[in-house]
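Q: This structure is in structure tokens; I'll ask about it shortly.
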Amino acid sequence: MVDTTAPEPLPGLEPLPEDWQRGLAIVAHPDDLEFGGAAAVARWTGQGKEIVYCLVTSGEAGIDGMPPEQTRRVREQEQRDSAALVGVTEVEFLGLPDGVLEYGVPLRRELARAVRRHRPEVVITNNFRDTWDGAVVLNQADHIATGRAVLDAVRDSGNRWVFTEQLDGGLQAWGGVKQVWFPGSPQARHGVDVTDSFDRGVASLQAHAEYIRGLGSSSFDPEEFLEGVARQVGTRMGCRYAVAFEAFPFGSF
């Protein structure tokens, strides 16, 4: 017997707060933000918000047919070009090794240093859940390690008794992060209307041309991919295009 029961509709998404000024996006690789989140960044920079990109690696292990040192240069430049398209002018690379990031104190230390240096109100980072769909589409290890470490590093950054050598070096503890946001999480309960900034999000992914070619799929279309995801999320928000986020508060707006 064929089951004709219609699937339960996905719940609506609550809009993320936007009464903040300084954001820091910490992700594992060049292109991580561009697979959806960059359209939201474009919306926010269009509102006059300041957002810095912090790349944990340079994605040097990401193109099979290109040596890592060459890949590093290519992908760093593609990320700078991509960021500029969504209004981000400051992009930094921490230089940790691509593909083998490990959750733990060393990673937390580096990320806490970045939070203390930039003093954001909002931090955006990788989905740290095991999957993208809550079922079978597996996430990548670097994403999981980075996202989980960011949550702890945000807490660490506000504690002057954690990583005290950073404070001896002139940084100050920073407890001003109000929320940490994870685009694309299968447990997203919030969203951002990116109808007006969607095209800039597409352009930002297209800027990773060498990386996309390196994936080896001539049929991959950045606009088609992003539109398919953003339209589904937009349905949940009552708009044309949207990006979904899981949000963890560290304070209240």
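Every read-out reported here was derived from the displayed coordinates using simple, explicitly stated rules and does not represent laboratory data. In this text the structure is predicted, and so the values were computed from the model without any measurement. When we count neighbours, we look across all protein chains shown, and the Cβ atoms used for this are built from the backbone with ideal geometry, even at glycine.
Q: How high is the FRET efficiency between Q232 and E18 when r is their beta carbon distance and R₀ equals 22 Å, given to the nearest 0.05?
A: Using R0 = 22 Å, I get an efficiency of 0.50.
Q: Let me ask something else. How long is the gain from Q140 to R213 if the chain were fully straight, where each residue apart is worth 0.36 nm and the alpha carbon distance is subtracted?
A: So the extension gain works out to 24.3 nm.
Q: Could you tell me what percent of the DSSP beta bridges with both partners in the chain are antiparallel, to the nearest 5?
A: 35 percent
Q: At a Förster radius of 41 Å, what calculated FRET efficiency corresponds to the Cβ-Cβ distance of R160 and E224, to the nearest 0.05?
A: 0.25
Q: Over the chain, what lengths in whole Å, largest first, do the semi-axes of the equivalent ellipsoid take, defined as the square roots of 5 times the eigenvalues of the alpha-carbon gyration tensor?
A: Its equivalent ellipsoid spans semi-axes of 28, 23, 18 Å.
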